[in-house]
Structure formats: C-alpha cells, structure tokens
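As structure tokens, the structure follows; a few thoughts come after it.
The values are calculated or read from the model by the stated rules, or taken from the named source; none is laboratory data. Note that the structure is predicted; figures quoted are calculated from it, not measured. Here the Cβ positions follow ideal geometry from the backbone for every residue, glycine too, while neighbour counts run over all protein chains shown.
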C-alpha cells in the first residue's frame, strides 16, 4: 500500500484497481497525475482515468527512471488516455500532463 498523504481514497476506484490487477502481485496501481497535485484541480484526481496498472519494473521506471524514458512513457499514456482525462474534467495538455507526471 502506498503512502497516504491525507487524501480520502475513493473506494470504487480502489476496488477497480484490484479487479484490474486480479489480485496478482505483478501489477501495481499508479496515479498518473500524483494526488499531491489535487489542490491544482477542481475535479478529483482519484478517478479511473488517472489510474493505470503497471508491472513493478515499469512502476519503478515511471517513478525513478531516466527523465527522457519517463517522458516517453507519459506521452504514450497521454496519447492513449487524453480523452478519458477530458471526460473526467481533468483538462490538461500533453505538455502539462508530462510535467505533472514527472513530479
């Protein structure tokens, strides 16, 4: 379980992450835009659109990898999920998304 920064987690979103990972230890949930950025948004960041399941290696890479590799990952995620963000009320450009994801 990750560190709780004082945010109330949405139990529906948490349950969806567990279903997607089928309770297998090789998948980990990741908030693409970190929850610590919530004060900058009018809509919740704890939504399905902002969650992805990653293998442990990719999860470590997106947190700790070389900046250019992390940027490439985030651009690919944005290409696949940009519309989901808009539908969730999270209006960000690709560049904003990448910068937020690098924090």
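Worth pointing out:
- Verdict on residue 33 being assigned to a loop (DSSP other than H, G, I, E, B) and touching a helix residue (DSSP H, G or I) at 6+ places or on another chain (Cβ under 9 Å): yes
- Among the residues of segment 74-101, those identified as in contact (Cβ under 8 Å) with a residue 24 or more places away in the chain and surrounded by 13 or more Cβ atoms within 10 Å (Cβ to Cβ) are 74, 77, 81, 84, 85, 88, 90, 92, 97, 98, 100, 101.
- Residue 16 in contact with a helix residue (DSSP H, G or I) (Cβ under 9 Å, 6 or more places away or on another chain), more than 16 Å from residue 95 (Cα to Cα), part of a helix (DSSP H, G or I) and at pLDDT below 90: yes
- Filtering segment 57-72 to residues that are farther than 19 Å from residue 35 by Cβ and either surrounded by 15 or more Cβ atoms within 10 Å (Cβ to Cβ) or touching a strand residue (DSSP E or B) at 6+ places or on another chain (Cβ under 7 Å) (or both) leaves 58, 61, 65, 71.
- Of all residues in segment 28-49, those that are in contact (Cβ under 8 Å) with a residue 40 or more places away in the chain have Cβ atoms under 8 Å from Cβ atoms of residues that are assigned to a strand (DSSP E or B), 6 or more apart or on another chain, in 32/51; 32/52; 45/31.
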